[in-house]
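The next block holds one structure in the form of structure tokens; read it before the comments.
The values are calculated or read from the model by the stated rules, or taken from the named source; none is laboratory data. Since we're looking at a predicted model, the values are computed, not measured. Because the Cβ atoms are built from the backbone with ideal geometry, glycine has one as well, and the counts that use them run over all protein chains shown.
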């Protein structure tokens with residue numbers, strides 16, 4: 001699964017406003033900040049776990065996602081925000097955004113329910129699975145609500161928020177930050193709000209601009225559809241990477257096409273097989289080094305390296321650090337001899 005770098009752009013800006021040394025965090029986890037911030041960039045979904053683990057360890061704040069919420073910007077220039085803000089009503093704006101929600105993440109689902117018998121509408125969905133960092137859920141849905149407030153001239157006010165994550169250590173802070181009651185451990189994330197708000201006229205409605213923004217969103221969605229092949233390749237690599245080399249010919253055979261055909265499809269999607277392989281190995285290696293105490297030899301095997309020395313060389317070429325230096329810098333106690 002792949003995420004737009006919108007997640008990182010918002011978190012980056014919020015941390016800067018909060019006075020957090022963002023570049024030091026990137027340095028610790030070996031992420032190139034300029035590549036992360038590049039317009040239109042996307043990254044494997046696993047990067048979120050690596051990123052938030054590093055942020056929490058660096059700040060020492062187990063509720064860093066919640067505490068960054070007031071610093072989040074409602075408007076980062078992405079096409080979905082432009083599409084929302086230029087819509088005639090809040091309901092139309094939400095429907096347009098949900099139509100193109102895959103531009104944010106392949107692992108994000110959102111639906112709008114208009115309860116004809118009740119006084120409320122519900123925006124419900126999921127970001128990722130049970131392993132998705134709670135900071136991702138909290139900051140994304142708070143940012144979504146903040147964008148709706150911005151687009152509506154601050155008239156959008158939820159009546160209840162339900163989150164999939166646990167309440168953590170700051171349950172009493174959620175209501176003051178979200179501005180409404182918050183419940184936890186829900187089957188999905190839900191935002192309840194008065195149904196009449198769907199008909200609320202938006203102050204910056206512009207039909208001509210909305211048409212332009214929709215064309216841009218459609219063009220980007222076509223690119224995402226091409227990227228589906230990339231995600232199929234990434235999924236297959238993830239299942240075959242353990243313990244040995246994963247070759248282009250192996251993946252193309254499983255997909256029922258020739259290596260040449262697959263190579264051309266990936267080039268058309270703006271990537272290569274080797275690039276996907278390296279990204280998958282990097283994301284998995286960083287996640288395992290930060291989140292656990294697996295010996296380096298075991299991590300080398302799990303990421304497809306036959307020898308510890310080959311894994312060390314590759315990891316240092318990715319991050320400028322050895323795996324042991326990376327683990328130590330990210331605050332883990334070394335468990336390797």
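Observations, loosely collected:
- Candidates 43, 10 - the one that is part of a strand (DSSP E or B) and surrounded by 20 or more Cβ atoms within 10 Å (Cβ to Cβ): 43
- Residue 283 vs. criteria assigned to a helix (DSSP H, G or I), outside the structural domain of residue 45 (by TED's automatic domain parsing), under 27 Å from residue 105 (Cβ atoms) and in contact with a helix residue (DSSP H, G or I) (Cβ under 6 Å, 6 or more places away or on another chain): yes
- Here residue 119 meets each of (1) crowded, with 19+ Cβ neighbours inside 10 Å; (2) in contact with a strand residue (DSSP E or B) (Cβ under 7 Å, 6 or more places away or on another chain); (3) modelled with pLDDT under 85 with one exception, condition (1).
- Check on residue 251, crowded, with 19+ Cβ neighbours inside 10 Å and not assigned by TED's automatic domain parsing to the domain that holds residue 95: yes
- Screening residue 135 on (1) surrounded by 18 or more Cβ atoms within 10 Å (Cβ to Cβ); (2) farther than 21 Å from residue 53 by Cα; (3) modelled with pLDDT of 90 or more shows it passes everything except condition (2).
- The residue of region 287-296 that is farthest from the chain's Cα centre (by Cα), among those that are surrounded by 19 or more Cβ atoms within 10 Å (Cβ to Cβ) and over 17 Å from residue 310 (Cβ atoms), is 290.
- Segments classed as strands (runs of 3 or more DSSP E), wholly inside region 100-201, with at least 1 members that are free of Cβ contacts under 8 Å to residues at least 12 places away in the same chain: 108-114
- When restricted to residues that are in a loop (DSSP other than H, G, I, E, B) and surrounded by fewer than 19 Cβ atoms within 10 Å (Cβ to Cβ), region 79-99 contains 1.
- Taken over region 262-271, the criterion of being exposed (fewer than 15 other Cβ atoms within 10 Å of the Cβ) and closer than 30 Å to residue 322 by Cα is satisfied by 270 alone.
- The residue that is surrounded by the most Cβ atoms within 10 Å (Cβ to Cβ), among those in region 150-164 that are within 22 Å of residue 105 (Cα to Cα) and at pLDDT 90 or above, is 161.
- Residue within region 265-275 that is under 15 Å from residue 43 (Cα atoms), touching a strand residue (DSSP E or B) at 6+ places or on another chain (Cβ under 6 Å) and in a helix (DSSP H, G or I) present: no
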